[in-house]
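Read the figures in this text as sums done on the coordinates, not as results from a lab. For clarity, every value in this text was computed on a predicted model and none was experimentally measured. As a convention, Cβ positions derive from the backbone with ideal geometry for all residues, glycine included, and neighbour counts pool all protein chains shown.
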Amino acid sequence: MRFTKDSIPMTEEEFAEILADYQNTGNIESRNKLVMKYAYIPQTVAIQLRGLANGYAQVDDMVNHGIITLIDCFDRFDLGKGISFEYYAFMRVKGGIIDLVRKQDWIPRRVRSLEKKINETRTVLSHKLGKEPSDEELAKELNISVEKLHSASQEINNSVVFSFEELIQNMSQFGSSLETEGMSPEKKMVREEMSRILADAIDSLSEREKLVVSLYYYEELTLTEISQVLDISVQRVSQINSRAVLKLKESMKEYIYG
């Protein structure tokens, strides 16, 4: 059965009353009413993300996981914070489904294996040469072409930034920081809070990490182009970007997953 936003009529007052009953008593009937009302959220998110799951998670699995996250939202949601439940649940459910996809190990094993081999070889070469090895030196030691090394670096980088790019997509639905006119108070509040948290997270990065993130996400340069700008190897750019993204994801984790 497919649900839409307005398929189960419920006023804000009725929602508050039913939610309070569920949170205070654990009434399953009240919980089920809430699930029926907001079931469209996991369904919508699963459909939006099905193309990104790359075959590792079926839409039904994504919906089921989204329902579980939705129920957790009912347990955790605080009406007193003045944020719309719809936006709160949408962000939590989307974050939960992204996490499910990531845990399905959608990164090809050959890429994961090559990443480990590249990192180990880089460490050995760094000690041996007394400096950061060039892409040519690293590729030669690995007995692969520089092109294959670059391709693997891009694929590894893409796997790391997957959920961060989803976070950016989540933010984009609230418009840019200048597009606040006409927004509902709840939507504006969520948009401003997300922007503030992300800005704080970026400020915590090192100067080189900030520069790579800026060039990659805002200037939309490729890893190869960034390596030329900074005069470092493509693999090194990938490492810096991946490390920066992991820091940003860690900073945003509490907000995304509650």
Gain in span if fully extended, Asp75 to His127, counting 0.36 nm per residue against the direct Cα distance:
13.5 nm
Links that overshoot a 18 Å alpha carbon limit, given the list Lys33/Lys81; Lys210/Lys249; Lys117/Lys148; Lys128/Lys247; Lys94/Lys249; Lys81/Lys249:
Lys33/Lys81; Lys128/Lys247; Lys81/Lys249
7 Å from Cα along Cα→Cβ at both Tyr218 and Glu155: what's the point-to-point distance in nm?
3.2 nm
By how many nm would the segment from Asp200 to Glu120 lengthen if fully extended, with 0.36 nm per residue of separation less the alpha-carbon distance?
25.5 nm
